[in-house]
Structure formats: structure tokens, C-alpha cells
Amino acid sequence: MRRILLTISAAALFSTPVAAGETIDPAREYPRCMALARDNPVQGWELALAWTSLGGGDPARHCAAVALIGQGKYEEAATRLESLAQESRAEPEIRAGMLAQAGQAWLMAGQVSRADAVQTAALALVPDDVELRIDRAVTLAEAGRHAEALVDLDAALAIDPGRADALSLRASAHRQTGNLAAALADAEAALKSDFSHAEAWLEYGLAKYLSGDAPAAREAWQRVLAMAPDGELAQLAQRNIEMLDISAP
């Protein structure tokens with residue numbers, strides 16, 4: 001997931017007046033609160049609540065939602081982010097960013113249809129946002145709607161052709177729809193853009209394996225293990241290598 005814990009521009013959020021007698025400088029408090037929400041979500045939540053009670057407005061509410069994500073309370077965070085986006089008087093780009101974060105939180109909560117709906121609403125505000133296109137493609141792929149994911153990835157890559165992450169995701173979508181030639185081409189393009197992109201190496205290996213080139217697939221998956229020895233990618237690569245070992249004559 002990208003961008004869930006990123007800070008939205010503080011100046012764009014400061015549309016709500018602070019309470020009378022307020023002594024907190026919001027331009028300083030917002031990045032401090034967001035950093036604490038990322039590093040220590042419980043303390044970040046407490047700071048956000050205190051700031052909200054002092055009239056912190058949208059920045060304080062946003063910080064509270066991010067702290068909830070850090071605590072794994074994805075549904076509550078997503079609901080708060082949706083409400084904030086609907087009630088905020090910020091520019092469309094800022095509200096779209098809140099909806100994007102809500103969509104990612106819904107996806108982390110396993111609510112794929114909610115994530116899709118929120119990301120679609122965000123794209124209605126900023127239809128040419130590359131990150132949002134990629135985010136919704138991830139959601140659509142999670143739902144098994146790979147042909148629709150291709151539409152978003154095509155749009156993202158038309159704007160930013162060198163995005164290795166988008167190319168890797170499109171390679172996966174092509175593979176899932178049975179277009180191995182396109183999957184291999186996108187994986188190769190992703191590696192040309194970023195030779196150290198582990199997801200692209202995983203997809204390159206899958207495309208090679210499905211095309212009948214087991215040695216190239218093994219080499220690609222071994223690269224994944226070398227680049228990203230821990231986590232889900234490593235597990236997938238190791239499982240694929242073991243599958244090759246079992247099927248070897």
C-alpha cells in the first residue's frame with residue numbers, strides 16, 4: 001500500500017478557525033502530530049484528541065484517523081477519513097487525498113467494495129491522478145477484476161510511462177487475463193525502469209515460467225530472494241522455486 005500514512009499539506013487543511021485563546025501553532029503541530037501518529041499511534045491518537053478539543057479542526061481530525069490506521073483500526077479510520085473529506089472545505093485535490101487514504105484503509109480492512117467506491121469518488125475529483133489510478137487498480141485486482149484494473153493502469157502509464165510499480169501491476173493483470181506476451185513485455189519494461197524492483201522480478205519469473213522457460217524463472221525468483229529476503233514477496237518466490245524443484249525431472 002502507498003501513501004496511507006503520508007501527510008497532506010498542512011496549509012491546505014487550515015480552513016477551520018482555532019478556538020479563542022488558542023496558543024498551538026497549527027503549522028508546527030500538524031507535522032508533529034502526524035509523525036507521532038506514524039511512530040507511536042497510541043500517543044499520536046491522544047495528541048490528536050487533545051488538539052481537536054482545542055479547535056485543531058481538519059488537521060487534528062486527519063491526524064487522529066492516521067493514528068487509528070497505525071493501531072490497525074482500519075474501518076474506523078476509513079469512516080473518519082470519508083467524513084472528513086465530505087465535510088472539509090479544502091480544495092478537491094486535498095479531499096481526494098483523504099478519500100484515497102480512506103480507500104486504502106478499507107482495503108486493509110478487507111472491504112474491497114468500499115475501497116473501490118471511495119477511490120472512484122476520489123477519481124471523480126481528480127481523474128488524472130496517477131497514484132489514485134494505481135490504488136484503484138490494486139483494489140480491482142484484489143476483487144479479481146483484472147480487465148478493469150488494466151484500464152486504470154493504462155491511464156496511469158499514459159501519464160507516467162516509467163512507473164515501475166504500475167508496469168509490474170499491469171504485468172500481473174495481463175498474466176491474469178492470459179496475455180503472457182504483454183505480461184512479459186511489461187515486466188521487462190519495469191525492470192528497465194528499475195532493475196532492483198522485486199515485484200517486477202517476481203512477475204518476470206511468472207511470465208517466463210508460464211512461457212516454458214523454467215531456468216529463467218528460477219533465476220528471476222532467486223533475485224527476488226536476494227533483494228527482498230523477508231516478507232510476502234520472498235515467500236511467493238520461495239514457494240515458486242520449491243514448485244520448480246518438485247516438478248524437475
Pick out the one residue from Ala228, Ala198 that is within 19 Å of the chain's Cα centre (by Cα), farther than 28 Å from Ala96 by Cβ and modelled with pLDDT under 95. Ala228
If a residue must be free of Cβ contacts under 8 Å to residues at least 24 places away in the same chain and more than 14 Å from Cys33 (Cα to Cα), how many such residues does segment 54-78 contain? 3
Quick one: which residue in Ala182, Ala190 is closer than 24 Å to Thr139 by Cβ and within 19 Å of the chain's Cα centre (by Cα)? Ala190
Answer yes or no: is there a residue in segment 78-96 that is of a type in the set (S, T, N, Q) and within 15 Å of the chain's Cα centre (by Cα). no
Cβ-Cβ under 7 Å, sequence separation 6+ or interchain: first residue in segment 152-168 and among the aliphatic types (A, V, I, L, M), partner not in a helix (DSSP H, G or I). Which pairs? Ala156/Arg163; Leu157/Arg163; Ile159/Asp128; Ala164/Asp194; Ala164/His197
Given the structure, is Ser193 among the small types (Gly, Ala, Ser) and within 19 Å of Ala156 (Cα to Cα)? yes
It is to be established whether one or more residues within segment 228-246 are farther than 20 Å from Glu131 by Cα, in a helix (DSSP H, G or I) and in contact with a Ser or Thr (Cβ under 9 Å, 6 or more places away or on another chain). no
Filtered residues of segment 118-149 (kept if surrounded by fewer than 24 Cβ atoms within 10 Å (Cβ to Cβ), over 11 Å from Ala166 (Cβ atoms) and of a type in the set (A, V, I, L, M, F, W, C)): Ala121, Leu123, Ala124, Leu125, Val126, Leu140, Ala141, Ala143, Ala147
Residue in segment 50-61 that is assigned to a loop (DSSP other than H, G, I, E, B), at pLDDT 95 or above and either surrounded by 15 or more Cβ atoms within 10 Å (Cβ to Cβ) or among the polar types (S, T, N, Q) (or both) present: no
Within segment 213-221, identify whether any single residue is closer than 19 Å to Ala166 by Cα and of a type in the set (Phe, Trp, Tyr), and answer yes or no. no
From the option list Arg114, Arg95, single residue qualifying as basic (Lys, Arg) and modelled with pLDDT of 95 or more is Arg114
Which of the residues that make up segment 97-117 are surrounded by fewer than 20 Cβ atoms within 10 Å (Cβ to Cβ) and assigned to a helix (DSSP H, G or I)? Met108, Val112, Ser113, Ala117
What number of residues in segment 96-115 are closer than 24 Å to Gly70 by Cβ and without any contact (Cβ under 8 Å) to a residue 40 or more places away in the chain? 11
Select from segment 20-76 the residues that are among the basic types (Lys, Arg) and on the phi > 0 side of the Ramachandran plot and list them in ascending order. none
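The values are calculated or read from the model by the stated rules, or taken from the named source; none is laboratory data. In this text the structure is predicted, and so the values were computed from the model without any measurement. Virtual Cβ from ideal backbone geometry, glycine too; neighbours counted across all protein chains shown.
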